[in-house]
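The values are calculated or read from the model by the stated rules, or taken from the named source; none is laboratory data. In this text the structure is predicted, and so the values were computed from the model without any measurement. Using ideal geometry, Cβ is built from the backbone for each residue, glycine included, and neighbour counts are taken over all protein chains shown.
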Amino acid sequence: MPTAPDIRARRREAILEILERRPVARQSDFVSLLRAKGVAATQSSVSRDLRELGIAKVGDGYAQLQAEAPLTEADLPEGFVRDARTAGANLTVIHTATGAAARVALELDRSNWNEIVGTISGDDTIFVATRNATEQKQLLSKLRSLMD
């Protein structure tokens, strides 16, 4: 009998196989496609798997994001980041295109920029915490260089 880690590993492998073969627009599509392959899945398990695999909604579908390379303009497609401004000594607010905040926040989290303590994203807004005002200024400088 398969264990929970075995089931999770098989589900994640199947998710990656699905993404290699076709675009997927919704998490419910993943659930249906997984079940058609005989892989048990719920929307919540798929959501958790996507997050842990580094797969995010990009435009009209899901894509696996790569974390190995440093964050560049190419990681933030044109128009994704619209504005960045301070909100106190260590909080930066980033406005993005509608629906792009999660992808941008994930890229920021994976950037390994020392200035970033953490991010919280909504649909088109991201809050980025830094340790102090100096690091906040460094972060804003990096963000603005990516937006130019």
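Details
- From the list Val93, Val81, the lone residue that is under 12 Å from Leu143 (Cα atoms) and either surrounded by 17 or more Cβ atoms within 10 Å (Cβ to Cβ) or at pLDDT below 90 (or both) is Val81.
- Test: residue in the stretch 23-40 that is closer than 18 Å to Leu139 by Cα, out of contact with any Asp or Glu (no Cβ under 9 Å at 6 or more places or on another chain), at pLDDT 85 or above and surrounded by 19 or more Cβ atoms within 10 Å (Cβ to Cβ): no
- Listed here are the helices (runs of 4 or more DSSP H) enclosed by the stretch 3-69 that have at least 2 residues being farther than 25 Å from Asp109 by Cβ and over 17 Å from the mean Cα position of the chain (by Cα): 4-21, 27-36.
- Looking at Glu107, Glu135, just one residue is over 23 Å from Gly61 (Cβ atoms), part of a helix (DSSP H, G or I) and among the acidic types (Asp, Glu), and that residue is Glu135.
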